[in-house]
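The values are calculated or read from the model by the stated rules, or taken from the named source; none is laboratory data. Keep in mind that what you see is a predicted model, and the values were worked out from it rather than measured. Glycine gets a Cβ as well: all are built from the backbone with ideal geometry, and neighbour counts include every protein chain shown. These accessible areas exclude ligands, DNA and RNA; they are computed on the full protein's heavy atoms, side chains included. Shrake-Rupley method; radii C 1.70, N 1.55, O 1.52, S 1.80 Å.
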Amino acid sequence: MATVFNALKAVVTQDAALLQEALGDPATREILQEMRVRACKDNGQNVNYVYNYTRFGEEGGFYLEYDGRGLVMDETTWWTPEGAVMKASRCKDPKEGRVGFEDRFRWVANNGDGFQALVSANAPGLARFF
């Protein structure tokens with residue numbers, strides 16, 4: 001089944017067939033058109049809760065990246081270059097769970113970007129599908 005997750009994975013892995021499958025589903029295509037990037041940079045006021053994140057969509061959306069420190073370190077989330085989503089909470093020790101974060105797929109995303117902008121910025125070769 002075509003999903004928003006598959007569409008994002010297609011961008012990470014530059015998989016044209018997977019993107020075509022996702023965009024071929026009218027419901028998924030409609031959802032993707034409505035979703036926007038939300039970026040948040042921590043202001044540093046509380047050293048126990050330091051975080052920066054980029055998310056695609058609100059409720060039911062996906063973190064493109066969540067860099068948590070202090071008491072929110074276990075919420076750290078990222079995409080691998082192979083298209084897997086990793087979370088620091090997968091290990092009892094969040095520091096151990098963050099292993100691989102520095103080697104993550106680095107999304108190019110600005111607050112308010114739609115899916116087409118995500119594709120153009122992160123997988124220009126797939127932009128032809130729009």
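Just a few scattered comments:
- Per-q log10 I(q)/I(0), the stretch 80-130, q = 0.29 Å⁻¹ (Debye; single scatterer per alpha-carbon; no solvent): -1.06
- Cut-off 15 Å between beta-carbons: net charge of the residues surrounding LEU71, Lys and Arg +1, Asp and Glu -1: -2
- Look at where the Cα atoms of the stretch 87-130 and of the stretch 38-74 average out, and the two centres are 13 Å apart.
- Label positions at LEU71 and CYS40, each projected 7 Å from the Cα along the C-beta direction, are separated by 1.5 nm.
- When only the Cβ of Lys, Arg, Asp and Glu is charged (+1, +1, -1, -1), the dipole of the chain relative to its Cα centre reaches about 200 debye.
- HN-Hα J in Hz across the stretch 26-38 - Karplus 6.51, -1.76, 1.60, θ = phi - 60°, x for Gly and Pro: x, 5, 5, 4, 5, 4, 4, 5, 7, 6, 9, 6, 10
- Relative contact order of the stretch 1-76, pairs being alpha-carbon contacts under 8 Å that are 6 or more residues apart, as %: 20
- Ordering GLY44, GLY60, GLN14 by the projection of their Cα atoms onto the charge dipole of the chain, which places +1 on the Cβ of Lys and Arg and -1 on the Cβ of Asp and Glu, puts GLY44 at the extreme positive end.
- Relative contact order for the chain, counting Cα pairs under 8 Å that sit 6 or more residues apart, in percent: 22
- Among the protein heavy atoms of the chain, carbon and sulfur supply 48% of the accessible surface, probe 1.4 Å, non-protein parts ignored.
- The alpha carbon convex hull volume per residue for the chain rounds to 107 Å³.
- For LYS95, the aspartates and glutamates whose Cα falls under 20 Å of its own Cα, not counting residues fewer than eight places away in the same chain, are ASP42, GLU65, ASP67, ASP74, GLU75, ASP103.
- Distance cut-off 14 Å, percentage of C-alpha pairs in the stretch 54-96 lying past it: 50
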